[in-house]
Amino acid sequence: MSRRITKVALVFCTIGVVINVVDAIVTGRFEPHDVFPAFVALGAGSELLKKRRPKVARALYCAASVLLVVAGSVAGYGAWSGLFRGAAIDWLNLVLGVLVVFYAAVCVGQLFAWWSSRKASRSSRDAQRSREASPSHEDADVLGG
(Lines give C-alpha, C1' and ligand atoms only; values in the text may rest on other atoms or scores of the structure.)
Protein backbone atom coordinates (compact mmCIF):
# COMPACT_ATOMS: atom_id res chain seq x y z
CA MET A 1 0.00 0.00 0.00
CA SER A 2 1.32 3.44 -0.83
CA ARG A 3 2.26 5.79 1.96
CA ARG A 4 -0.33 8.35 0.84
CA ILE A 5 -3.19 5.84 1.09
CA THR A 6 -1.88 4.66 4.44
CA LYS A 7 -1.75 8.21 5.77
CA VAL A 8 -5.30 8.90 4.55
CA ALA A 9 -6.51 5.68 6.21
CA LEU A 10 -4.78 6.69 9.44
CA VAL A 11 -6.41 10.13 9.43
CA PHE A 12 -9.92 8.89 8.63
CA CYS A 13 -9.74 6.02 11.10
CA THR A 14 -8.49 8.33 13.83
CA ILE A 15 -11.54 10.51 13.17
CA GLY A 16 -13.67 7.34 13.34
CA VAL A 17 -12.14 6.41 16.68
CA VAL A 18 -12.97 9.84 18.10
CA ILE A 19 -16.54 9.61 16.77
CA ASN A 20 -17.00 6.12 18.25
CA VAL A 21 -15.62 7.19 21.64
CA VAL A 22 -17.93 10.21 21.76
CA ASP A 23 -20.86 8.02 20.67
CA ALA A 24 -20.06 5.48 23.39
CA ILE A 25 -19.90 8.22 26.01
CA VAL A 26 -23.16 9.84 24.89
CA THR A 27 -25.22 6.66 24.43
CA GLY A 28 -23.60 4.79 27.29
CA ARG A 29 -23.04 1.62 25.30
CA PHE A 30 -20.13 0.39 23.28
CA GLU A 31 -20.62 -2.01 20.38
CA PRO A 32 -17.87 -4.47 19.44
CA HIS A 33 -17.74 -3.23 15.86
CA ASP A 34 -16.86 0.26 17.14
CA VAL A 35 -13.23 -0.82 17.59
CA PHE A 36 -12.58 -1.55 13.93
CA PRO A 37 -11.50 2.02 13.05
CA ALA A 38 -8.94 1.66 15.85
CA PHE A 39 -7.84 -1.66 14.35
CA VAL A 40 -7.30 -0.07 10.92
CA ALA A 41 -5.56 2.95 12.48
CA LEU A 42 -3.15 0.68 14.37
CA GLY A 43 -2.49 -1.29 11.19
CA ALA A 44 -1.87 1.88 9.19
CA GLY A 45 0.44 3.20 11.90
CA SER A 46 2.39 -0.03 11.90
CA GLU A 47 2.67 0.10 8.11
CA LEU A 48 4.01 3.67 8.25
CA LEU A 49 6.59 2.80 10.92
CA LYS A 50 7.71 -0.51 9.41
CA LYS A 51 11.00 0.73 7.93
CA ARG A 52 11.98 3.38 10.46
CA ARG A 53 11.03 1.64 13.69
CA PRO A 54 10.40 -2.06 13.10
CA LYS A 55 9.97 -2.95 16.79
CA VAL A 56 7.34 -0.24 17.31
CA ALA A 57 5.60 -1.32 14.10
CA ARG A 58 5.55 -4.93 15.29
CA ALA A 59 4.11 -3.83 18.65
CA LEU A 60 1.36 -1.83 16.89
CA TYR A 61 0.58 -4.80 14.68
CA CYS A 62 0.36 -7.09 17.73
CA ALA A 63 -1.92 -4.59 19.50
CA ALA A 64 -4.14 -4.43 16.41
CA SER A 65 -4.31 -8.22 16.27
CA VAL A 66 -5.25 -8.52 19.94
CA LEU A 67 -7.87 -5.79 19.53
CA LEU A 68 -9.33 -7.60 16.53
CA VAL A 69 -9.51 -10.95 18.31
CA VAL A 70 -11.08 -9.50 21.46
CA ALA A 71 -13.67 -7.39 19.63
CA GLY A 72 -14.52 -10.17 17.20
CA SER A 73 -14.81 -12.69 20.00
CA VAL A 74 -17.18 -10.47 21.96
CA ALA A 75 -19.27 -9.80 18.87
CA GLY A 76 -19.24 -13.42 17.79
CA TYR A 77 -20.12 -14.76 21.24
CA GLY A 78 -23.28 -12.65 21.43
CA ALA A 79 -24.33 -13.65 17.93
CA TRP A 80 -23.61 -17.36 18.40
CA SER A 81 -25.43 -17.49 21.71
CA GLY A 82 -28.42 -15.74 20.11
CA LEU A 83 -28.31 -18.22 17.26
CA PHE A 84 -28.36 -21.22 19.58
CA ARG A 85 -31.13 -19.74 21.75
CA GLY A 86 -33.26 -19.04 18.70
CA ALA A 87 -33.31 -15.30 19.35
CA ALA A 88 -32.83 -12.61 16.75
CA ILE A 89 -29.18 -12.28 15.76
CA ASP A 90 -27.04 -9.59 14.27
CA TRP A 91 -25.56 -11.13 11.12
CA LEU A 92 -22.67 -8.67 11.05
CA ASN A 93 -21.56 -9.81 14.49
CA LEU A 94 -21.96 -13.46 13.50
CA VAL A 95 -19.79 -13.00 10.42
CA LEU A 96 -17.24 -11.05 12.50
CA GLY A 97 -17.07 -13.91 14.98
CA VAL A 98 -16.49 -16.47 12.22
CA LEU A 99 -13.82 -14.33 10.56
CA VAL A 100 -12.03 -13.86 13.87
CA VAL A 101 -11.95 -17.61 14.40
CA PHE A 102 -10.33 -17.99 10.97
CA TYR A 103 -7.92 -15.14 11.71
CA ALA A 104 -6.90 -16.67 15.03
CA ALA A 105 -6.38 -20.07 13.37
CA VAL A 106 -4.12 -18.53 10.73
CA CYS A 107 -2.15 -16.64 13.40
CA VAL A 108 -1.65 -19.80 15.44
CA GLY A 109 -0.54 -21.65 12.28
CA GLN A 110 1.97 -18.92 11.45
CA LEU A 111 3.27 -18.92 15.01
CA PHE A 112 3.68 -22.70 14.92
CA ALA A 113 5.48 -22.55 11.54
CA TRP A 114 7.80 -19.82 12.82
CA TRP A 115 8.51 -21.76 16.00
CA SER A 116 9.24 -25.04 14.19
CA SER A 117 11.50 -23.36 11.60
CA ARG A 118 13.37 -21.58 14.38
CA LYS A 119 13.73 -24.86 16.25
CA ALA A 120 14.99 -26.61 13.09
CA SER A 121 17.51 -23.87 12.32
CA ARG A 122 18.72 -23.92 15.92
CA SER A 123 19.22 -27.71 15.87
CA SER A 124 21.07 -27.57 12.52
CA ARG A 125 23.24 -24.75 13.87
CA ASP A 126 24.03 -26.81 16.98
CA ALA A 127 24.88 -29.84 14.82
CA GLN A 128 27.20 -27.68 12.70
CA ARG A 129 28.97 -26.42 15.82
CA SER A 130 29.37 -29.92 17.25
CA ARG A 131 30.88 -31.14 13.94
CA GLU A 132 33.32 -28.25 13.97
CA ALA A 133 34.26 -28.86 17.61
CA SER A 134 34.86 -32.64 17.42
CA PRO A 135 37.89 -33.96 15.50
CA SER A 136 37.06 -35.99 12.43
CA HIS A 137 38.48 -39.43 11.60
CA GLU A 138 40.99 -37.91 9.18
CA ASP A 139 42.32 -35.64 11.94
CA ALA A 140 42.62 -38.65 14.28
CA ASP A 141 44.74 -40.52 11.69
CA VAL A 142 47.06 -37.56 11.31
CA LEU A 143 47.43 -37.22 15.08
CA GLY A 144 48.30 -40.89 15.42
CA GLY A 145 44.95 -41.97 16.89
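The values are calculated or read from the model by the stated rules, or taken from the named source; none is laboratory data. No experiment lies behind these values; they were computed from the predicted model shown. These area figures cover heavy atoms from the full protein model, side chains too; ligands, DNA and RNA do not enter into them. Shrake-Rupley method; radii C 1.70, N 1.55, O 1.52, S 1.80 Å.
The figures follow:
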{"read-out": "Share of carbon and sulfur in the accessible heavy-atom surface of the range 1-109 [1.4 Å probe, %]", "value": "73"}
{"read-out": "Stokes-Einstein diffusion coefficient of the range 1-100, Kirkwood radius over Cα pairs, 37 °C, 0.692 mPa s, in µm²/s", "value": "224"}
{"read-out": "With DNA, RNA and ligands ignored, accessible area of Phe39 (1.4 Å probe; Å², nearest 10)", "value": "60"}
{"read-out": "Segment Ile89-Thr27, length gained on full extension (0.36 nm per residue, minus Cα span)", "value": "20.2 nm"}
